[in-house]
1. Considering only the stretch 297-307, state which residues are under 24 Å from Gly378 (Cβ atoms) and either touching a helix residue (DSSP H, G or I) at 6+ places or on another chain (Cβ under 6 Å) or assigned to a strand (DSSP E or B) (or both).
2. Which of the residues belonging to the stretch 235-247 are touching a Ser or Thr at 6+ places or on another chain (Cβ under 9 Å) and not β-branched (Val, Ile, Thr)?
3. Across the stretch 281-302, what is the total count of residues that are under 11 Å from Arg68 (Cα atoms) and touching a strand residue (DSSP E or B) at 6+ places or on another chain (Cβ under 7 Å)?
4. Would you please list the contacts, defined by Cβ atoms under 7 Å and residues six or more apart or on different chains, that run from a residue in the stretch 213-230 that is within 20 Å of Pro60 (Cβ to Cβ) and in contact (Cβ under 8 Å) with a residue 60 or more places away in the chain to a residue that is of a type in the set (A, V, I, L, M) and part of a loop (DSSP other than H, G, I, E, B)?
5. Condition check: surrounded by fewer than 17 Cβ atoms within 10 Å (Cβ to Cβ), touching a strand residue (DSSP E or B) at 6+ places or on another chain (Cβ under 7 Å), without any contact (Cβ under 8 Å) to a residue 40 or more places away in the chain and not in a strand (DSSP E or B). Does Arg413 satisfy that?
6. Got a number for residues in the stretch 58-70 being in contact with a Gly (Cβ under 7 Å, 6 or more places away or on another chain) and either in a loop (DSSP other than H, G, I, E, B) or more than 15 Å from Trp231 (Cβ to Cβ) (or both)?
7. Tell me whether the stretch 272-280 contains one or more residues that are crowded, with 19+ Cβ neighbours inside 10 Å, in contact with a Lys or Arg (Cβ under 6 Å, 6 or more places away or on another chain) and at pLDDT 95 or above.
8. Evaluate the stretch 378-390: report whether one residue or more is within 30 Å of Thr109 (Cα to Cα) and of a type in the set (Phe, Trp, Tyr).
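The values are calculated or read from the model by the stated rules, or taken from the named source; none is laboratory data. A quick note: this is a predicted structure, and the numbers were derived from the prediction, not measured. Please note: Cβ atoms are built from the backbone with ideal geometry, for glycine as well, and neighbour counts cover all protein chains shown.
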Amino acid sequence: MQCTMTRRGFVQTAAGLAVAGIGADSLAGERRRPNVVLIVGDDMGWPDMGFMGHKEIRTPHLDRLADRGAVFPNGYVPTSLCRASLATLLTGLYPHQHRLCCNDPPAGTDRVDMHPFIKNAPALPRLLGAAGYRSLQTGKFWEGHFSNAGFTHGETTNTDRHIAAKTPQIGRATMQPIYDFIDQSDKTPFFVWYAPMMPHRPHNPPERFLKRYAVAERDLHVARYFAMCEWFDETVGQLLDYLDKRKLSDNTLVMFVNDNGWITPTAKEDQKSPFGAERGKRSPYDMGIRTPFALRWPGRTRAGRYNDLVLTVDLAPTILQACGLKTPPRLQGLSLLDVAAGKARLNRSAVFGEIYVHTATKLGQPDVDVTHRWTREGDWKLIHDVRKNRIELFNLAADPHERTDLAAKEMERVGRLRKRIEQWVKDR
């Protein structure tokens, strides 16, 4: 497919040009479809926002989004590794379905050999494009050229996980590509994927943020992470303000979620792992897999907190329902739209997920790379270390940071939740 670099800093496919050129008459029935903006925080702990109760990190713009929208504080990603998690957001599939479970392919295997997985998946940009949507990829994207996922426009055109090194990084350096794309969309509905590497390392916030958090009693690495969270929040505010400026907010579904959690290591711990401190990213604990969801669609969502257990597999069905489109049968998630409107509760009693190794053993065979499986039912969470055959059980209402293992005291509950995991694996 031929691609053309525009003077505005992003690329559009030939298909994207065709969508942009659809006549006014043919789009008349489509203009009522909402725009969709998906904001993805990167390596951000679930408590690390004002609206989630953090007392020091300032996130006024995310707080505003949450205050005016539906918040799901009990949200989860099926696995806490960025590539797998992002692929789930794009497809609505569990990692074992889309098979992008690990960040890297096996030794000796080219990264491009993983790209067919997203090409063959029912990715949101592809589904929305069939209904006349333009779509823009910015920031984190592991799957080669943006068109592999069906985006009509995008920044990533190489085999790297992000964008070309010489391209100004979205969020940290500029928001202009998003503004230009929105301006060019005119009255055509659009989907924006805003997934900046923020607050992801490198933790190099501007001094205007860092000086707020770099106080004598706080570890400097923690201060830098706090400042990165506020810097990310500022960019979210810039994006929301632009929607307001263009008078698009009323017909735009805005969604916020994190790709996985994070615990920042102190200065002494920092060199031990590129994945942060223990029990965070790449772990089955809540600081690795939990994330709040925030949905705002004026007139369609009802402001408030909804305690239903939700997973990122639910976001694609939610978007498709909002856009008046059918959800492909492969997608096992549930639309959150009626719940977010205050009309219903989610018909779900538990959520499930798996943790995988960083580098795949065999492409397309995710089961060989599973390290943990987990489930949450109500306030109870069970973690099964598959390789060590070890079980942990926590009551999150009494112990939100999972410090007290109750498995030995709750053997009946352990047995029942283990069977639920086994049934989930068997039925999928």
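1. Within the stretch 297-307, the subset under 24 Å from Gly378 (Cβ atoms) is 302, 304-307.
Gly304, Arg305, Tyr306, listed by residue number.
2. Our first condition is that a residue be touching a Ser or Thr at 6+ places or on another chain (Cβ under 9 Å); within the stretch 235-247, this holds for 236, 240, 243.
If the condition is that a residue be touching a Ser or Thr at 6+ places or on another chain (Cβ under 9 Å) and not β-branched (Val, Ile, Thr), then Leu240, Leu243 are the ones that fit.
3. At the first step, the residues of the stretch 281-302 found to be under 11 Å from Arg68 (Cα atoms) are 294-299, 301-302.
When the remaining residues are screened for being touching a strand residue (DSSP E or B) at 6+ places or on another chain (Cβ under 7 Å), the result is 294-297, 301-302.
Residues that pass the stated criteria total 6.
4. As it stands, the answer is Phe226/Ile57; Cys229/Met44; Cys229/Ile57; Glu230/Ile57, since those pairs meet every condition given.
5. Values: surrounded by fewer than 17 Cβ atoms within 10 Å (Cβ to Cβ): yes; touching a strand residue (DSSP E or B) at 6+ places or on another chain (Cβ under 7 Å): yes; without any contact (Cβ under 8 Å) to a residue 40 or more places away in the chain: yes; not in a strand (DSSP E or B): yes.
Yes.
6. Total meeting the criteria: 4.
7. Looking only at the stretch 272-280, we keep the residues that are crowded, with 19+ Cβ neighbours inside 10 Å, and these are 275-276, 280.
In the following step, the residues that additionally are in contact with a Lys or Arg (Cβ under 6 Å, 6 or more places away or on another chain) were identified as 275.
Now restrict to residues that are at pLDDT 95 or above: none.
Looking for residues that are crowded, with 19+ Cβ neighbours inside 10 Å, in contact with a Lys or Arg (Cβ under 6 Å, 6 or more places away or on another chain) and at pLDDT 95 or above, one finds none in the stretch 272-280, hence no.
8. The answer is no, given that none of the residues of the stretch 378-390 is within 30 Å of Thr109 (Cα to Cα) and of a type in the set (Phe, Trp, Tyr).
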